[in-house]
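Novice: Sharing a structure below in structure tokens format, with a few things to ask.
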Amino acid sequence: MSKFPNQLALVAVAATSVIALSVGLSERAAHTAEADAAAAQAEADTMAAQATAPDAETTETEEVADAAPAEIEAVDEGTENTVAEATAPAEAEAPADAAATETVTAEASAEAGDTFEGGTSLPALFVGAAWAQSHESPMIGELEGNSFDLGREALDEEVAAWDIDIRPDGAGLPTGSGDVWTGEEVYIENCAQCHGDFGEGRARWPVLSGGWDTLEREDPVKTPGSYWPYLSTVWDYVHRAMPYGQAQSLTDDEVYAVTAYILYLNNLVEDDFELSQDTFTEVSLPNEDGFFMDDRAEGEIPAFSEEPCMEDCKDSVEITMRASVLDVTPEDEEAEATEAAAETTGAAETQEAEATEAAAETTGAAET
């Protein structure tokens, strides 16, 4: 699915949440302003009552006048109580109004489709997500260094069954041994149907013997005796992939024996040779030095990275071979003319020789 609809939905949800919160805050501010106005009005009424009281008391004695400050203080205390009483109901009404506002907001959000199953509103979800990001769960610390019970440690025998590669120096070889004649028996039973009794290869199956001095030909015969670099390659391939269709069905001793027989077919060991961990490094394949470390980074890549020559790159271009059967070599009219002239000259010379021979025969017959 495209990510754009999901992003658009998130933007819409966020906008709805912001609007709902803004409405709630606006109504809360309005109720607070009304409460402040009521408190101010109550204080003003009290001050007006204090202003009319001295007019009625002008005929009092000095003692009464002296007592006036105390009365004024009492009035002030009463005023403060009155203001407090006037303010308290206003403040009590504010939370109720705020709760009502939140209820209305939740209902509006529900009508707008901003409530998930279970009645949780999107603003609450946003607040919860922010809290979760700012408060690390204690479970995280408890799980550090512990596993989730997924899988288990591999057993030694399982690792051994998987780790079967062999290095050229013989590292990784299992314990075992096999001689040439045992290898012949195993080979005839499991390998000869494809590779032939003597490794000559049947049909188009790979050849396992011979191929000496063929690597420089156009169609070299690549066998363990002509091309393969290491004996470990032979042992590993027989062990890992053979017999065809029943890979890894041979025992280690049988693999040693078959490998010894392949060496014998390539004239690399005598018929009494036994291959084992101890004798493995005694055998070297003829083409080991034909392989070398990849040096393309130092040789080919710099050459290919240079600017190519596009014109006058060689003094002359000469066609050294022709593939006329495949029609891939451009026709050379001059070469064709030369070839045709040579053929004509040859034909004329042949006809002249034949005429001379016929004339000589005629002359001899006349003399006889």
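Each reported figure results from applying straightforward, stated rules to the coordinates on display, with no laboratory input. Note that the structure is a prediction, hence the values are computed from the model and not measured. Every residue, glycine among them, receives a Cβ derived from its backbone with ideal geometry; neighbour counts consider all protein chains shown.
Novice: What order do you get for T320, T233, T345 when you list them from fewest to most C-beta neighbours inside 10 Å?
Specialist: Fewest-to-most ranking of T320, T233, T345: T320, T345, T233.
Novice: So for E288, E184, fewest C-beta neighbours within 10 Å to most, what's the order?
Specialist: Ordered by Cβ neighbours within 10 Å, fewest first: E288, E184.
Novice: Order these by the 10 Å Cβ neighbour count, fewest first: L285, L268.
Specialist: Listing L285, L268 from fewest to most nearby Cβ atoms yields L268, L285.
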